[in-house]
Structure formats: C-alpha cells, structure tokens
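Report on one structure; see the data block that follows.
The values are calculated or read from the model by the stated rules, or taken from the named source; none is laboratory data. Bear in mind that the values here come from a model prediction, so they are computed numbers and not experimental data. Every residue, glycine as well, gets a Cβ built from its backbone with ideal geometry; the counts of neighbours run over all protein chains shown. Side chains included, ligands, DNA and RNA excluded: accessible areas come from the protein's heavy atoms. Shrake-Rupley method; radii C 1.70, N 1.55, O 1.52, S 1.80 Å.
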Amino acid sequence: MISIRQKLLLGFGGLLLIVAAMGLLTIRQIDSLGGAIDVILRQNYRSVIACQEMSESLDHIDNGVLFTFTGHYDDGMNNIRQHNQKFLKALQVELGNITLPGEHQKAMQIRRLFTEYSRVILLVTDPTVSLSERQNRYFSDLLPLVHRMKVLSSEVLEMNQSNMQRANHNAWKMAASAHNNVLAAIIASAFIALLFSYQSHRWILMPIKKLIASAEEIRKGNLDLVLDTTSHDEIGKLSESFNEMAATLRKMRNSDREALFRTKNATQEVFKVLPSPIAVLDCDGKVEVSTESAEHYFGLKPGVNVNDIGVEWLIELWQKACRRVTLAEAEEGNGVIQHFADNQEYFFQPMAAPIPAGLERQSYAGTALIFKDVTREHEQLELKRSVISTVSHQLRTPLTSLRMSIHLLLEERIGHLNEKQADLLLAAREESERLVNIIDDLLDINRIESGMAHLNIQAVSPSHICSEGVEAFLVQAQDKGVTILNAIQQGLPDVMADSDSIRYVFANLLSNALRFTLAGGTVTIRAVENQKNIRFSVEDTGEGISPEHMEHLFEQFYRVPGQQVKSGIGLGLSIVKEIVEAHGGKVSAESVYTKGSVFHFTLPIRKEII
C-alpha cells in the first residue's frame, strides 16, 4: 500500500517534472529568440544605418561642390571636408560589420569608388581651373561616381533589410513555438494538478474529515466511537491511535466517575459531621452541598438558591466574591454577624471563597461559604469587659479612700512625719495616682469597645485640633530639650471628630514620642489630605522600635520590652486604636530601629451638604 508521503511525492514529482521540462524548453526558445533578435539589432541594423549615413554624406558633399560653383567656395569646401569624414566613418562601420554573402565585395567596391571620387573632387574644386572646365568635369566624372556609390549603398541596405525581415520572421516563429510549448505545459500541469487534487481528496481530505467528525463526537462525550482502520497508510495508523485514545478515555472516564462518586459521597458524609456552617454553591448561587449547621442556622439546603433565602448580607457577600474573584468577608461589625436561632444569640464571621475550576485558577466553578462560629469568643469578650468594668468600679471606692488617707497624712493633720515617712507616703501617692490612671484607662477602653462611649463629633479644623494637642506638651518638650515642629498643611478641609477624644490620641502619641526622644531630637506633627480622609502623623527621632514588636503595638496590655515600669501597662495605644476606629479611621505605625518612629491615624473629611 502506498503511503501518504509516497502519494504526495508522486503528485508533486509529476508537477515538478513538467515544470522542469517546460523551463528547459522555454530557456532554449528564449536563447534562440535572443539570437534572432541579436541578428536584427546588432548585425543588420548597424549596416543599414551605415549605408544611410554614407548616402546622406554623399548628398552633402555634392552640395558642397555645387556651393563652390555659386561663389561660396569656402562654405562648400568646409561642407565637403566635414561630410567626407562622416562618409569614411560610416564606410568603416560597414566594413567591420560584414554578415551577408556578397556584402564584402560591394563594400570594397564602394571604398574604391570613393577613393576615385576624392581624387576627382580635388580637380573639380581647384580654384585655379576655370569654372566651366570644373563644371564639365563635375558632370562628366564626379556625378557618375556619386550615382554608382549610392546604388551600391542601396544594394547593401536592401540586403541587410531583407535579412532583417527573415530574422524577424524566424523570431516570430520561435515565439509562437515557445507560446505553444508553454501552453501545452500549462495544460498538462493543470491536468495533473486536478488529477492530484482529486486523488488527494480521496487519499487525505476524506479520511481527515472523518477524523474531525469523530473528534467532534468525542468532544460531545461519545467515547464509544470506533473508526475504520482498513487503510494501511498514515491515516490508517492515526485512526488506530485514535481508537486506542478513545478506549483509554473510556477507561479514564469510568475511573473518574467512580472517583467522583467516592469523593462526592465522602464529602457529603464529612459535611454531615462538621460543626461549622459550610456550604458550597455553584456559579448560579445554588447550594450543592452543605453541613447540617449551615442548613439549620441559615437555611442553606442542597438545591436552594442563595438569592431565595432572603438574607441580604449573605447575598451581598456571595456577589462580592463572584465579582472580585477573591476571598470576601463581611464589612460590618469588624466582620462579625449577629444571628438569632432557636431563641439564642450567635455570632459568626462569614467568608465567601471562590473555588477554582482547575490548576491555572483562571476560571471558577463555584463559591464556598464558611461561617466561623465566634459566639464563645464574643461571650468571653463580653465577660472580660464585664469583669473589667466591675473590678474597676469596685476598686474606685477603696482607692479613693486610700488616696484621701495618703493626702491627709502628707498634710500632717494627724501628726508630724519624719523624712523617711514622708518619702514613703509620696511614693504611695504616686503609685495610687498611677493606679487611678490605669483604672481610668480600663474603663475608657471598656466603654469604647462596648459602644457606650459618647462621642460629640463635629466639624473641626485639622490645624486647630493639632494645635490643641501640641500645646499641652510644649513645656515638657522644652524642659527635655526636644523640639516640636508643627508641619500641618494650610487650607486642609475640616474633619469630623470629637475634640476631647482626639486630644487624648495626640496626648498619648506625643507623650510616647517625647519619652523615647533624647535631648536635641525632634518631634514633628503633620497632616495631609489622603483621598476622603485627613492623615495625621506624629514622627520622632527617638530610638525606634524593633520589627518583631511592630505588629503587637496596638494590642491591649502589650508593652515593648525594656521600658520603665512607670511608662504604663500597655493600654494607651489600644485606646488610641479604639478611638480612631470609632471615628471611622485607621491607625498604623512605621519605625526604623535606632532612627525613630512614625504613628499615623486618619479622620474622615466633612462631607459638603448640597
């Protein structure tokens, strides 16, 4: 059986042979045609031009002789000499281009006659001879020579013109022959090309179309298709490979189905025992699988569409995950959702995570809704707040009595104190005041976290609240040798803030900056517009903070190691964070160890009422 490669070689080889033969024949015809044209252009044409120039030169010489008879002797002689040279030049061309039989004899005869002609002209143009004698010699000797040379020149011209006509006729015959040969070759090539095209359709295109149709069937899922493999060429081998591929795909499909069913059943069983509410949705929002807790708390049963549940925040969360194709979390209440079920209060942190359809993560097959139960953490937080509030209030009464007693003792109303006793009481008063500040901080942060802190939010100028915050620390900075720079931009829009709370924020940040800035250092206050907020900054040139402590700065009761005991218990920055976030802003910090720190917080710009 002939292979496809051999079939292609056979078809294209035949075309190549015809093209090669046609090319060789055409080249030969063109060479012959070129030779004929060369005869016309190079040989005969030059002789024709030379004969014409000789005849014209003879006419001009004859006119020059006549000029000498009419009293224009000098002009006539100039004309004779000038055209005498042209005649000799044309004669030399003719003698050098002899191509026809008899042409050489006629050319040599013309040269001999011209030699005699030149001798006679000298006699005819001799001024010492009488005019009548010269005229007689002209008619008797010179004119017959001119006539004879013209006749010979015309004979040579006619010989070359006749030969040019024959060469032209031969060139036309060669061109017609080349035309017929090329036309025959084109017809033969077209016939072979059509024959080869027809055979190619049978040999190649029809089997390939069958393969394409089979591939389309497999794409549609018809893996039971079997192709005909009777031919033994490459198409037949490809059909065999195609059948083997289809058989392998059938095995893989069956194996994948079994694995998919196992995975699906295992997933359903695992989902049944998971304690957290979890649901998997398809691209249209329909629940495919869910845990019992997701079904119990939120009604996310398999087959139910999330849009039909009626929970607005859940629909928005799912739509956000589908729109952004990234993990989405709830935005209200720091991501915590309050939910009531079975007459009980629960708190969840819902998240929506897109599920990739493949390894490339370019398309997504659905969304996973995950509800982290933070009810216990929330209850523990409420319990902590309650304990802190109760303990703080219970400590206030005995602490007030203790402070009063220390105050009375220091005033020596009940007796004189010695120096050592006075020192001990001063230390006790200082520690009691520190304890009062700690209790006040605990109560403040408890009120802010519980939402019970009253904020009198009004439109305030950024430069005004910065000036108020800096003013209380100018004397302290001067005593320590630290410079406070106010670098607030002018013309900033007003912010919405509670002046007393923001004054506490500045007080905390400035006190920390002054505490860790050595004499000669600088503390800089800045405020710039940042989108819809004003960004305030407190920058110092102190010792800075190590990178490992940066992420814990705003946590409650966290203190950077190495500080003095009197510096506090680590509630200041956490209160700052709670105050700023209660205003709708954010707080952050940057630091380069041994070079200084910068604390930022933002406040929203007042919205213009239209």
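Residue count for the stretch 350-390 under the criterion of being surrounded by 15 or more Cβ atoms within 10 Å (Cβ to Cβ) and at pLDDT below 75: the result is 8.
The set of residues in the stretch 299-316 being over 12 Å from ALA279 (Cβ atoms) and in a helix (DSSP H, G or I) consists of ASN307, ASP308, GLU312, TRP313, ILE315, GLU316.
Let's see how each residue does on (1) surrounded by 13 or more Cβ atoms within 10 Å (Cβ to Cβ); (2) more than 22 Å from GLN85 (Cα to Cα):
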| site | (1), (2) |
| --- | --- |
| THR128 | no, yes |
| ARG137 | yes, yes |
| SER140 | no, yes |
| MET149 | yes, no |
| SER162 | no, yes |
| ASN168 | yes, yes |
| ILE192 | yes, yes |
| LYS210 | yes, yes |
| SER214 | yes, yes |
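Taking first residues from the stretch 87-116 that are touching a residue at least 60 places away in the same chain (Cβ under 8 Å) and farther than 19 Å from ASP59 by Cα and partners that are part of a helix (DSSP H, G or I) and not polar (S, T, N, Q), the Cβ contacts under 9 Å between residues at least 6 apart in sequence or on separate chains come to THR99/VAL39; LEU100/VAL156; LEU100/MET159. For the stretch 588-610, the candidate set comprises residues that are part of a strand (DSSP E or B) and over 20 Å from ASN533 (Cβ atoms); within that set, the residue that is modelled with the lowest pLDDT is VAL592. At least 1 residues being modelled with pLDDT under 70, touching a helix residue (DSSP H, G or I) at 6+ places or on another chain (Cβ under 7 Å) and surrounded by 17 or more Cβ atoms within 10 Å (Cβ to Cβ) is the threshold, and among the helices (runs of 4 or more DSSP H) wholly inside the stretch 1-107 those reaching it are 4-38. Number of residues in the stretch 525-549 that are open to solvent by less than 70 Å² (accessible area, probe 1.4 Å) and either in contact with a Gly (Cβ under 6 Å, 6 or more places away or on another chain) or at pLDDT below 80 (or both): the value is 3.
The C-beta contact set for the stretch 392-412 (first residue at pLDDT 70 or above, second residue open to solvent by 70 Å² or more (accessible area, probe 1.4 Å), distance under 6 angstrom, 6+ apart or interchain) comprises ILE406/ARG429.
Could you list all residues from the stretch 108-146 that are in a helix (DSSP H, G or I) and among the small types (Gly, Ala, Ser)? Scanning the stretch 108-146 gives SER118, SER132, SER140. Evaluated against (1) surrounded by fewer than 19 Cβ atoms within 10 Å (Cβ to Cβ); (2) more than 23 Å from GLY584 (Cβ to Cβ); (3) of a type outside the set (Asp, Glu), VAL470 falls short on exactly one condition, (1). Checking each residue in the stretch 576-587 for being open to solvent by less than 50 Å² (accessible area, probe 1.4 Å) and outside any loop (DSSP other than H, G, I, E, B) picks out VAL576, GLU578, ILE579, VAL580, VAL587.
The condition of being among the basic types (Lys, Arg) and either at pLDDT below 85 or touching a strand residue (DSSP E or B) at 6+ places or on another chain (Cβ under 8 Å) (or both) holds for only one of ARG148, ARG134, that being ARG134.
The set of residues in the stretch 131-152 being in contact (Cβ under 8 Å) with a residue 24 or more places away in the chain and among the basic types (Lys, Arg) consists of ARG134, ARG148, LYS150.
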